[in-house]
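Working notes, beginning with the structure itself.
The values are calculated or read from the model by the stated rules, or taken from the named source; none is laboratory data. Predicted, not measured: the structure shown is a model, and the values here were computed from it. Cβ placement follows ideal geometry from the backbone for every residue including glycine, while neighbour counts extend to all protein chains displayed. Note: accessible area is taken over every heavy atom of the protein model, side chains too, but ligands, DNA and RNA are not part of it. Shrake-Rupley method; radii C 1.70, N 1.55, O 1.52, S 1.80 Å.
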Number of protein chains: 6
Amino acid sequence: MSGRVVTRVERAEPQVIDGLAEAGVATVHEAQGRTGLLAGRLRPIFPGARIAGSAVTISAPPGDNWMVHVAIEQLRDGDTLVLAPTSPCEDGYFGDLLATSALARGCRGLVIDAGVRDVRDLTRMGFPVWSKAVFAQGTVKATLGSVNVPVVCAGELVHPGDVIVADDDGVCVVPRADAAAVLEKARAREVNEEAKRARLAAGELGLDIYDMRGKLEAMGLRYE
Amino acid sequence: MSGRVVTRVERAEPQVIDGLAEAGVATVHEAQGRTGLLAGRLRPIFPGARIAGSAVTISAPPGDNWMVHVAIEQLRDGDTLVLAPTSPCEDGYFGDLLATSALARGCRGLVIDAGVRDVRDLTRMGFPVWSKAVFAQGTVKATLGSVNVPVVCAGELVHPGDVIVADDDGVCVVPRADAAAVLEKARAREVNEEAKRARLAAGELGLDIYDMRGKLEAMGLRYE
Amino acid sequence: MSGRVVTRVERAEPQVIDGLAEAGVATVHEAQGRTGLLAGRLRPIFPGARIAGSAVTISAPPGDNWMVHVAIEQLRDGDTLVLAPTSPCEDGYFGDLLATSALARGCRGLVIDAGVRDVRDLTRMGFPVWSKAVFAQGTVKATLGSVNVPVVCAGELVHPGDVIVADDDGVCVVPRADAAAVLEKARAREVNEEAKRARLAAGELGLDIYDMRGKLEAMGLRYE
Amino acid sequence: MSGRVVTRVERAEPQVIDGLAEAGVATVHEAQGRTGLLAGRLRPIFPGARIAGSAVTISAPPGDNWMVHVAIEQLRDGDTLVLAPTSPCEDGYFGDLLATSALARGCRGLVIDAGVRDVRDLTRMGFPVWSKAVFAQGTVKATLGSVNVPVVCAGELVHPGDVIVADDDGVCVVPRADAAAVLEKARAREVNEEAKRARLAAGELGLDIYDMRGKLEAMGLRYE
Amino acid sequence: MSGRVVTRVERAEPQVIDGLAEAGVATVHEAQGRTGLLAGRLRPIFPGARIAGSAVTISAPPGDNWMVHVAIEQLRDGDTLVLAPTSPCEDGYFGDLLATSALARGCRGLVIDAGVRDVRDLTRMGFPVWSKAVFAQGTVKATLGSVNVPVVCAGELVHPGDVIVADDDGVCVVPRADAAAVLEKARAREVNEEAKRARLAAGELGLDIYDMRGKLEAMGLRYE
Amino acid sequence: MSGRVVTRVERAEPQVIDGLAEAGVATVHEAQGRTGLLAGRLRPIFPGARIAGSAVTISAPPGDNWMVHVAIEQLRDGDTLVLAPTSPCEDGYFGDLLATSALARGCRGLVIDAGVRDVRDLTRMGFPVWSKAVFAQGTVKATLGSVNVPVVCAGELVHPGDVIVADDDGVCVVPRADAAAVLEKARAREVNEEAKRARLAAGELGLDIYDMRGKLEAMGLRYE
């Protein structure tokens, strides 16, 4: 079933995508009902990046980065690469040359359930990566995978064109069709949180703001 | 046995607590006989923080952060939150709203054998956290735990009111009753180390300063 | 077989060593046929360091750092300490006092398949360490190991005098006798990559630069 | 999005399901193009079981097994329970009482990316489980999940009604619509392997049977 | 603080201990409010053992089994050894000679958050061990630890004389003073479960037996 | 540097190899100075096997088992296959067809720092494997590795022709040239242990047999 490249992929609206980036991973994850979070083993190679982009997906054999070259041709401005190996692997599929090429195509970053290398150069270039490992191990170009097929990356299903949101908290995927609705909920959540934040900063307690005392007592909480 | 909140907790003297922060984790751990170190999986979310505070402990069910709200009410100026889940969990129990609330109560930081989120905001606020994971996964508020009961956090027993010392090396707990004595030993150790440091910097060898050559030879060390 | 200190160790030429540092881990690893990479669990304690040095090796019992003192006497200007425990261990074998001593002997850094502590001080001193863990756990001085014997460190065989290259990507070992030849290949590789980088930055695709389209089609890649 | 129970699920033909059980995980995985394998962390609680069944899926909060009771009502003869927690968890969601209930409904086994307990009783009952952990930790019944929705379990997408194949090698999922075709390929593969097995047992080499020598030589393999 | 051997340890009543063994880990853990479970990384070296015994505790340095010899002298008939290393370690602290010695003192088994070896012999002798690892790595006898002091073993506090219950599900500790009460609750639980088991085996659903339907509906569960 | 097959390999004497099998891993490891032990992650796929054999080594790319076919041709009666992937991998490199072929060549077993599959068949055939994982993931035949070159397998250096000893405790490598001497020491150790075992079984304490009391007291051990 490998060896496929899907060239026509629908994306979400650019302003929706950018809005999701502003909201950030934790808020977006909550706004879509606590779903969509990729496994916590994916960590940023440098702190402070916050992106959203349309997924160009890669299913790649372990230790073989051939399909990354194929995927880069499919990138459009504002996209994010998402690579899932077909079996667990920590090899360094991606480094500064591929990042140079991806950047030239308008790519916003890479999410990879495997390894990455040249992280010093990538940091200097400001090309953000969320990866399972930093590992310099080289890869081969010998076996086909697929590009722009649905993949399970770090435990979460990602379709090409889904919106990937990533920041210091990790990575979240938003199904393309839900993106606008999720953004709306995320913004409502932010407004609500802003009000709460002010009260909490002033010393009010969550116990009172969220009216928890009665329920806690009913559940049997005892103060000693 | 859950569902308890102990409201009266004895703390160590503030100047003792602050002294332990200055000494740092490695020195304090040595000064109390190489005990008290929490497991190395607890890592700071940003480098450079160095705190000590009285433990307000939380025993929480996996994926349920209700007790954090209860614990925040128990915080006094200079305290540190210590959360141990009742079974292994990486969910994000704590984020920027709870940090805002804890800061308003004078909290110095959080030690948690689970996950944390909103780390970009926490970093901006300067609210230090030592956690097992950064993970945006949301939690529920459905089941009771306890506050200010003894907990085993990351392999170490912590009583409420014990002194928590944390820095880039990790986290150490000092029993409240021992805190003053441990501080004294830590300071003696620092004075001793300062002298050694100068000699080592000048090129003298540990083999000579610590008079190890004879013992090594007696044990059978051979130079070839 | 423990209890040995080999005092006469051949090193590679200083300018070869320094050239390998400039090339960096990923390039050196590729230049020697994708070999020599230590396991990815070895991570730098602070970002940005890039060193190469001759290995002074330490085989040490778990939780016992006695041999580090012995090894420091064997250091020459430009060397790197490489410590492999005889069984898996995360204890903090090395801290600021040992770093002070090693620096005074011209040591460029430490590679250790175990733990390190005082990382705040080490960072301030600019003493780079690649370790499996940051852990303050103290060690004893009770059992002999060996210095400057061949060790397997993080899955890779290291002979005393081999060149250790380390940067943000991890750690690579180059056999002393191969160092000059590997450097030459690394430089050729860099020249080649520089040309590729410019073309990729200009928007050319790897698919075309590396002439992959025909081979991919022959393997059966289908565009849909 | 949780709180859903889908009651109408299509299953594959019983004889197809049973045929896939006979073929076993490794053969089925190969027959469908090396796809469908759940992560290797799922291991059987006792050796020797080999089953196939239609998936009744459970998406459950960490440490909460309420939905297992809901799922058991949805079981039909020949089904297999598949539980994916919404965040990583090792708690013991399932023990001998639930197994008794599931067996009474014709359930063939459980695949769970979390923990299981009462394994001595389950072994005695012959109720097979493939789990991430054996752990006695009890769970609560406080929060909703869903039953018979698509889940990602141990890294693989499972739809309700898909065929789950499990044996000592692990667990594989076959999409319901592909089951008959995969079985056909699996059988062809077995026939082909049987012939190979006889030749290999007689001492013929794979190098000759698969005609590899020329290709290896062309790739540059050197005998020394 | 190491170097202590406490010789006077109170034990629970033998018939209480034996009753807890019969109840087994999962039931005992539930009966004492879902507490006391050691981490799931402790696994039996052979299936089928089910023991309970009074804890003789050992705090041992990493890779040093000297204190095991000291502890064996403290064993009384019906005791269980509990070893916690002072830092994470997988070395083989215990093998067939120590098991022979422990058996001669009436020891029922070993719980160790580290490694064990000679597992073939231990299996033949019927000496059960719950360990973190099977690893033949030898240990030294160079540094003191302590015997019969409180230890945290695999995340749980164990006092000397506490009752250790262990079976295929793992290991649970019951504080000595609570042992009789916990046994009573465990037996009540078993009686209750026996009745449930019969009904479930007859095809009744947990949804009905535990009267869950109303609460699930109230929480918002929807059948589609 | 890959793509090499060394066809001439020296082996140890058959009776020495068989003697080492009888001694077993723990004894052999001790007899050669506590060296040679492969990492504890290598576990047998079924209990009770105890073998020794001459290593035929394989260095293989991740997810590529081509070299296993090449290695099988190099097997002689009494050999053991040792496979080290060039980067971490859990794929199932080896199954029942390869085992059939290896058995036909007189192979005694497989040691692999990766995955294996068809374990039910391998168990039935009595073909022992020590592996890092059981995982059905298929592999490709696309890239060269090497056969009978020195490899680091699970952290230990193995030369072709070295003696591999494996049993329920794990795997140990004995350099070919040392094999006879190690066997002699192993036998002396067994004789010595036999005498100790009888005394320990009779209730004598290790504290007395090994004359430890004085040394423990001198180190400061206190009985309370």
- Message: I need a count of the residues in the range C:96-118 that are under 20 Å from B:Asp168 (Cβ atoms) and open to solvent by 10 Å² or more (accessible area, probe 1.4 Å).
- Response: 7
- Query: Inside the range D:83-93, can you point out the residues that are open to solvent by less than 10 Å² (accessible area, probe 1.4 Å) and either assigned to a strand (DSSP E or B) or away from chain B (no Cβ under 14 Å) (or both)?
  - Reply: D:Leu83, D:Ala84, D:Gly92
- Query: Among the residues of the range F:153-171 satisfying the criterion of being outside any loop (DSSP other than H, G, I, E, B) and either within 13 Å of chain E (Cβ to nearest Cβ) or without any contact (Cβ under 8 Å) to a residue 60 or more places away in the chain (or both), which is farthest from E:Met125 (Cα to Cα)?
  - Reply: F:Leu157
- Query: Out of (1) more than 16 Å from D:Val111 (Cα to Cα); (2) facing another protein chain (nearest Cβ under 9 Å); (3) among the small types (Gly, Ala, Ser), the odd one out for D:Gly19 is which?
  - Reply: (2)
- List the pairs whose first member sits in the range A:16-29 and is modelled with pLDDT of 95 or more, whose second member is surrounded by fewer than 19 Cβ atoms within 10 Å (Cβ to Cβ) and of a type in the set (Gly, Ala, Ser), and whose Cβ atoms are under 6 Å apart, counting only residues at least 6 apart or on separate chains? A:Val16/A:Ala180
- Task: Give just the number: which of (1) more than 23 Å from B:Gln137 (Cβ to Cβ); (2) open to solvent by less than 10 Å² (accessible area, probe 1.4 Å) does B:Ile51 not satisfy?
- Result: (2)
- Go through the range B:119-138 residue by residue and tally those that are buried (at least 22 other Cβ atoms within 10 Å of the Cβ), among the polar types (S, T, N, Q) and not in a strand (DSSP E or B). 1
- So C:Asp77 clears everything in (1) open to solvent by less than 10 Å² (accessible area, probe 1.4 Å); (2) away from chain E (no Cβ under 14 Å) except one condition, right? Which one? (1)
- Scanning the range D:29-82 for residues that are more than 16 Å from F:Asp118 (Cα to Cα), in a strand (DSSP E or B), in contact with a Gly (Cβ under 9 Å, 6 or more places away or on another chain) and hydrophobic (A, V, I, L, M, F, W, C) gives D:Ala52, D:Ala55, D:Val56, D:Ile58, D:Ala60, D:Leu81
- Among the helices (runs of 4 or more DSSP H) lying completely within the range C:172-223, list those that include at least 2 residues that are within 11 Å of another protein chain (Cβ to nearest Cβ), at pLDDT below 95 and under 31 Å from the mean Cα position of the chain (by Cα). C:179-201
- Restricting attention to the range A:94-115, report how many residues are outside any loop (DSSP other than H, G, I, E, B) and not small (Gly, Ala, Ser). 9
- Query: Does the range E:1-16 hold any residues that are within 13 Å of another protein chain (Cβ to nearest Cβ) and among the hydrophobic types (A, V, I, L, M, F, W, C), and which are they?
  - Reply: E:Met1, E:Val5, E:Val6, E:Val9
- Message: Can you say whether D:Arg108 is among the basic types (Lys, Arg) and either more than 12 Å from chain E (Cβ to nearest Cβ) or on the phi > 0 side of the Ramachandran plot (or both), as far as the supplied structure shows?
- Response: yes
- Message: With of a type outside the set (Lys, Arg) and within 30 Å of B:Thr143 (Cα to Cα) as the only criterion, which of D:Val182, D:Val147, D:Val163, D:Val191 stands out?
- Response: D:Val147
- For E:Leu37, state whether it is within 10 Å of chain D (Cβ to nearest Cβ) and closer than 30 Å to B:Gly3 by Cα. yes
- Message: Looking at the structure I just gave you, is B:Arg187 surrounded by fewer than 24 Cβ atoms within 10 Å (Cβ to Cβ) and in contact (Cβ under 8 Å) with a residue 24 or more places away in the chain?
- Response: yes
- From C:Glu156, C:Glu90, grab the single residue that is among the acidic types (Asp, Glu), within 15 Å of the chain's Cα centre (by Cα) and under 27 Å from A:Gln137 (Cα atoms). C:Glu156
- Query: Inside the range B:1-15, can you point out the residues that are open to solvent by 20 Å² or more (accessible area, probe 1.4 Å) and touching a residue at least 40 places away in the same chain (Cβ under 8 Å)?
  - Reply: B:Met1, B:Ser2, B:Arg4, B:Val6, B:Thr7, B:Glu10, B:Arg11, B:Glu13, B:Pro14
- Of the residues in the range D:140-152, how many are open to solvent by less than 10 Å² (accessible area, probe 1.4 Å) and either of a type in the set (S, T, N, Q) or more than 10 Å from every other protein chain (Cβ to nearest Cβ) (or both)? 2
- Mind checking which residues of the range F:141-152 are assigned to a strand (DSSP E or B) and either within 12 Å of the chain's Cα centre (by Cα) or not aliphatic (A, V, I, L, M) (or both)? F:Ser146
- Residue ID - nearest to A:Lys132 (Cα to Cα), chosen from residues in the range A:156-183 that are surrounded by fewer than 23 Cβ atoms within 10 Å (Cβ to Cβ) and in contact with a helix residue (DSSP H, G or I) (Cβ under 8 Å, 6 or more places away or on another chain): A:His159
- Task: Kindly provide the set of residues from the range B:52-66 that are within 14 Å of chain D (Cβ to nearest Cβ), farther than 23 Å from A:Val191 by Cα and in contact (Cβ under 8 Å) with a residue 60 or more places away in the chain, ordered by number.
- Result: B:Ser59, B:Ala60, B:Pro61, B:Gly63, B:Asp64
- Message: Looking at the range C:69-92, can you tell me whether even one residue there is in contact with an Asp or Glu (Cβ under 6 Å, 6 or more places away or on another chain) and farther than 18 Å from C:Gly170 by Cα?
- Response: yes
